[in-house]
1. Would you mind ranking 149, 107 by Cβ crowding within 10 Å, fewest neighbours first?
2. Taking the Cα atoms only, what angle lies between the long axis of helix 25-36 and the longest principal axis of the chain, rounded to 10 degrees?
3. Pairing the Cα long axis of helix 45-69 with the longest principal axis of the chain, what angle in degrees results, from 0 to 90 and rounded to the nearest 10?
4. For region 1-92, just say rounded, prolate or oblate: build the C-alpha gyration tensor, square-root its eigenvalues into a ≥ b ≥ c, call rounded for a/c under 1.5, and beyond that prolate if a/b exceeds b/c, oblate if not.
5. Which of the three applies to region 41-142, rounded, prolate or oblate, going by the alpha-carbon gyration tensor with a ≥ b ≥ c and a/c under 1.5 meaning rounded?
6. What is the fewest-to-most order of 99, 37 by other Cβ atoms lying within 10 Å of their Cβ?
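Every number in this text was worked out from the coordinates using simple rules, so none of it is lab data. This is a predicted model, so every value here is computed, not measured. Every residue, glycine among them, receives a Cβ derived from its backbone with ideal geometry; neighbour counts consider all protein chains shown.
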């Protein structure tokens, strides 16, 4: 499955993957070695916890490797007259003016103005032009947005 990521987002994932493969694996290996010295492994809570954490970390590594391998890099090619992934749009709605950047779902942070291309709002903006009015149906009802600027 491919994920749309900015260069910064891809680098962040690669760093997290590197940290898990090196530091976190090493930390867990040390905990396991220490726990083995404590005696009977079948009744050793510290050993069981470390094994569970090891399993979670290995699962996370596999997931991150798949995300990095399937990443589609968002490249903004100059100024576009249509909203696309990577575009920053300034909009007007009943709540006033707001600015959003359309990103892949892995980088979405609505509180920071980064909305997913898969969200109702993100999907509605894709392919639209300046001055277009868009009705978006959300769980809270229908909202009308006008695109003021695309960067």
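1. Values: 149 12, 107 21.
With the sparsest Cβ surroundings first, the list reads 149, 107.
2. Between the helix axis and the principal axis of the chain, the angle is about 30 degrees.
3. 40
4. Values: a/c = 4.26, a/b = 3.83, b/c = 1.11.
Since a/c reaches 1.5 and a/b is larger than b/c, the shape of region 1-92 is classed as prolate.
5. Prolate is the answer for region 41-142, as a/c is 1.5 or above and a/b outweighs b/c.
6. Values: 99 12, 37 8.
Ordered by Cβ neighbours within 10 Å, fewest first: 37, 99.
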